[in-house]
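No lab work stands behind these numbers, since they all come straight from the coordinates. Given the structure is predicted, the values throughout are model-derived calculations rather than measurements. Glycine also receives a Cβ, built like all others from the backbone with ideal geometry; neighbour counts cover every protein chain displayed.
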């Protein structure tokens with residue numbers, strides 16, 4: 001026998017010896033009448049069934065929109081003399097933004113002021129003549145015709161003074177319009193016209209836009225079946241809405257429904273809504289897409305379990321319950337809705353029963369299972 005064959009023979013002999021040693025305890029147990037040990041218990045994690053009020057959450061996609069977008073235009077003709085703001089700047093209501101050249105309007109106002117002094121002097125003279133001819137008429141010295149002429153001259157002078165004062169007011173308004181101020185609090189858009197450009201009121205050229213950001217609206221649509229719930233919640237003042245934008249690490253922003261469209265869209269079977277949100281830190285931006293959760297009310301005595309516990313079989317949905325004796329049992333349920341990380345279901349479940357969350361796919365009715373501590377979730381940092 002060669003050395004290689006001898007080594008192979010020794011290996012086979014060693015493997016056979018180890019196999020016999022492994023079978024020896026089971027053989028001895030069978031000889032003594034002891035039953036063979038069953039499969040080990042499956043490690044699982046559980047969560048108690050909850051029975052209580054759960055918010056009815058209506059999920060939708062929404063679009064943030066400003067309550068007011070103002071296009072800033074010149075109301076008088078003139079050359080832009082000063083630009084007091086920058087593109088994208090936040091401004092307050094009444095803050096000066098642009099100054100037009102108003103020298104011509106100021107000169108016209110000065111001329112009209114001088115005319116008003118003249119007209120007032122003429123009115124004083126004509127009124128004095130009217131009093132004099134009135135007295136002379138009573139003494140039969142002046143004719144009635146002369147008295148009527150004096151009366152007409154005084155009325156004409158008074159009308160002329162009023163016309164001049166109206167022109168003065170118009171000139172002052174033009175001077176005021178030469179300084180363009182912000183009509184609302186908001187953010188400026190692009191400013192295509194700079195200092196030196198001439199603007200005309202008739203051309204209706206936009207100087208910039210001003211967008212209101214706080215508060216802000218979110219527009220979204222929901223299926224028409226929710227319309228009675230939403231209207232009832234609005235009457236109660238409890239139609240709360242939570243929104244969150246993609247990439248926003250902060251908590252959801254809470255607002256209230258303020259508008260329900262007057263008609264259902266027959267093409268889509270949805271109704272359009274608007275909700276208003278306080279937006280002091282500008283977390284919501286006009287045109288931004290957001291996830292919307294509308295909660296018209298809480299459902300009392302709702303049965304809820306974690307979403308991963310709900311399984312789908314060939315004929316129905318089900319959950320696996322870990323009974324107090326450590327044996328798994330299947331319970332058929334019906335899915336009502338999803339709310340956050342939990343699902344609301346109906347079925348033969350009681351509050352406090354332990355539903356298997358992690359490991360439910362590895363057990364069936366009658367399987368032994370043992371609880372293990374849940375793995376801590378790894379939280380990823382948000383840059």
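Spin-label model, residue 289/residue 225: points 7 Å from Cα along the beta carbon direction are separated by 2.5 nm.
The convex hull of the Cα atoms of region 281-362, projected and averaged over all directions, covers 8.7 nm². Taking a virtual spin label 7 Å from the Cα of residue 79 along the C-beta vector, which residues in region 172-199 bring their backbone nitrogen under 13 Å of it? Output list for this probe position: 195-199. With a Förster radius of 56 Å applied to the beta-carbon distance between residue 113 and residue 214, the computed FRET efficiency rounds to 0.80. Figure legend: label point modelled 7 angstrom from the Cα of residue 172 along Cα→Cβ; residues of region 89-113 with amide N under 16 Å from it are 105-113.
Placing a label point 7 Å from the Cα of residue 106 along the Cα-to-Cβ direction, the residues of region 172-188 whose backbone N falls under 16 Å of that point are 172-180.
Model label points for residue 193 and residue 335, set 7 angstrom from Cα along the Cα-to-Cβ axis, are 5.8 nm apart.
Site pair residue 89 and residue 165 shows an inter-label distance of 3.9 nm when each label is modelled 7 Å from Cα along Cα→Cβ. Spatial offset of region 238-267 relative to region 287-347 amounts to 24 Å, using the alpha carbon center of each.
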